[in-house]
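Asks: Mind having a look at this structure? Questions to follow.
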Amino acid sequence: MEQRTFGNIGIDVSDIGFGAWAIGALGDVSSEDAKAALNAALDAGVTFIDTADVYGDGRSEKLIAEVLKQRGGARPFVATKAGRRLSPHIASGYTRDNLTAFVERSLANLETECLDLVQLHCPPPEIYYQPEVFGYMDDLVAAGNIRHYGVSVEKVEEALKAIEYPNVKSIQIIFNIFRQRPTTLFLAEAKRRDVAVIARVPLASGLLTGKMSAQTSFAADDHRAFNRNGEAFDVGETFSGVPYEVALAVVEKIRKLVPEGIPMAQFALRWILMDSGVTTVIPGAKNVIQAKSNSAASDLPALSLQTMDELRKIYLQDIAPYVHHRW
Ligand SMILES: NC(=O)c1ccc[n+]([C@@H]2O[C@H](COP(=O)([O-])OP(=O)(O)OC[C@H]3O[C@@H](n4cnc5c(N)ncnc54)[C@H](OP(=O)(O)O)[C@@H]3O)[C@@H](O)[C@H]2O)c1
């Protein structure tokens with residue numbers, strides 16, 4: 001498993017990480033399957049886990065704690081998130097007291113003395129212009145509750161604003177074959193400032209595995225059923241904001257570029273790793289087979305320049321009109 005340096009904090013992490021939303025909250029993944037998936041990723045050499053206090057209302061964090069306790073040994077780097085427990089999720093809720101309470105709950109769920117990384121969880125746009133909120137996070141670092149903090153963002157513009165705060169150590173952003181705008185400015189700028197980049201939703205919620213069709217159905221409690229039009233949260237989180245039928249047609253064009261013998265999911269993950277501005281990619285695996293296959297993407301050879309060009313053309317022609325101006 002290849003390693004990349006996580007911004008300027010002096011730690012290397014695996015370039016393929018583990019996104020723990022699916023095991024905590026998506027559809028009905030049993031605790032046994034969830035723990036087996038995480039164990040498979042860790043066995044394959046994954047050293048970076050992404051979770052959030054709201055995934056399964058703490059279930060994801062607790063499952064991670066259980067697995068790490070059972071395994072013992074060196075702990076992987078565990079990134080969690082805070083802010084989305086606010087209801088309504090509004091800027092005035094980002095107070096010192098609330099953030100401290102969220103962090104204390106994650107400390108208990110993850111059974112640790114100090115959180116490796118806490119990301120503000122797609123905060124309302126006003127937050128990016130409220131330095132005092134970043135000051136509360138600085139104070140949580142000073143108090144020893146958290147080692148580092150970062151921001152999980154929706155838009156490239158938010159990412160560019162967030163990295164102006166000197167102690168923001170990481171940005172989590174949607175970056176995949178269907179979301180190419182981060183390549184134009186943000187990734188280079190993050191690299192220049194030594195800010196780590198966590199690429200989320202790398203498979204466009206599973207579309208870029210090539211396994212979905214017009215007939216695919218999803219459980220009622222899966223966001224791919226209930227958030228297709230942004231009913232519950234930003235529509236960009238579901239299928240990367242690309243209309244489902246459009247995406248299916250484009251997946252068929254991409255399929256032609258995937259070398260024989262390589263699963264499309266691995267190809268899609270390797271595309272993300274082609275940008276050296278990315279620190280780690282966090283596919284959300286639900287079972288052992290997915291976790292093993294995703295981890296193997298780390299060892300794939302680089303994609304050819306011709307393939308990269310083709311994927312850029314497909315994006316600009318078929319996908320950009322739906323997403324480029326929005327995120
Ligand atoms: N606001 C935020 O900060 C935010 C928002 C969203 C996600 N995230 C983070 O990003 C991570 C990844 O995002 P995501 O889980 O939404 O999307 P994703 O990684 O693009 O897609 C994950 C889904 O694809 C399918 N899959 C995964 N690996 C596969 C494989 N090898 N072969 C076939 N199917 C596979 C699984 O669903 P099925 O098997 O059911 O098809 C899985 O739930 C999350 O776990 C979370 O940590 C953060």
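The values are calculated or read from the model by the stated rules, or taken from the named source; none is laboratory data. A quick note: this is a predicted structure, and the numbers were derived from the prediction, not measured. For neighbour counting, all protein chains shown are included, and Cβ atoms are generated from backbone atoms with ideal geometry for every residue, glycine included. Ligands, DNA and RNA are excluded from the accessible area calculation, which covers all protein heavy atoms including side chains. Shrake-Rupley method; radii C 1.70, N 1.55, O 1.52, S 1.80 Å.
Asks: Could you tell me which of the residues K292, K313 is within 16 Å of G17 (Cα to Cα), in a helix (DSSP H, G or I), modelled with pLDDT of 95 or more and open to solvent by 80 Å² or more (accessible area, probe 1.4 Å)?
Replies: On the way: K313 fails: within 16 Å of G17 (Cα to Cα).
Being within 16 Å of G17 (Cα to Cα), in a helix (DSSP H, G or I), modelled with pLDDT of 95 or more and open to solvent by 80 Å² or more (accessible area, probe 1.4 Å) holds for just one of K292, K313, which is K292.
Asks: Could you tell me how many of the residues in segment 313-327 are closer than 18 Å to A199 by Cα and of a type outside the set (F, W, Y)?
Replies: 3
Asks: Answer yes or no as to whether E154 is among the acidic types (D, E) and under 20 Å from the mean Cα position of the chain (by Cα). Reasoning before the result, please.
Replies: Numbers: among the acidic types (D, E): yes; under 20 Å from the mean Cα position of the chain (by Cα): yes.
Here the answer is yes, as E154 does meet what is asked.
Asks: I'm trying to understand the selection: among the residues of segment 214-226, which are within 16 Å of A247 (Cα to Cα) and open to solvent by less than 40 Å² (accessible area, probe 1.4 Å)? Can you show your working first?
Replies: Restricting attention to segment 214-226, the residues satisfying the condition of being within 16 Å of A247 (Cα to Cα) are 214-217, 224-225.
Across segment 214-226, the qualifying residue is only R224.
Asks: If you take just the helices (runs of 4 or more DSSP H) that sit entirely in segment 166-258, which of them hold at least 2 residues that are in contact (Cβ under 8 Å) with a residue 12 or more places away in the chain and within 11 Å of the ligand (Cβ to nearest atom)?
Replies: Details: elements: 186-192, 223-226, 244-255.
Helices (runs of 4 or more DSSP H) meeting the threshold: 223-226.
Asks: Could you please find all residues in segment 14-58 being at positive phi and in a helix (DSSP H, G or I)? So that I can check it myself, show each step before the final result.
Replies: Filtering segment 14-58 for residues at positive phi gives 27, 45, 56-58.
Scanning segment 14-58 gives G56, D57, G58.
Asks: In addition: From the list L160, L140, pick out the single residue that is surrounded by fewer than 19 Cβ atoms within 10 Å (Cβ to Cβ) and not in a loop (DSSP other than H, G, I, E, B). I'd like the intermediate steps shown before the answer.
Replies: On the way: L140 fails: surrounded by fewer than 19 Cβ atoms within 10 Å (Cβ to Cβ).
None of the others qualify; the one that does is L160.
Asks: Out of T95, T51, T47, report the one residue that is open to solvent by less than 10 Å² (accessible area, probe 1.4 Å) and either at pLDDT 95 or above or in contact with a strand residue (DSSP E or B) (Cβ under 9 Å, 6 or more places away or on another chain) (or both). Steps first, please.
Replies: Details: T95 fails: open to solvent by less than 10 Å² (accessible area, probe 1.4 Å); T47 fails: open to solvent by less than 10 Å² (accessible area, probe 1.4 Å).
After ruling out the rest, the residue left standing is T51.
Asks: When you scan segment 251-266, how many residues do you find that are under 22 Å from T238 (Cβ atoms) and crowded, with 21+ Cβ neighbours inside 10 Å?
Replies: Residues in segment 251-266 being under 22 Å from T238 (Cβ atoms) and crowded, with 21+ Cβ neighbours inside 10 Å: 3 in total.
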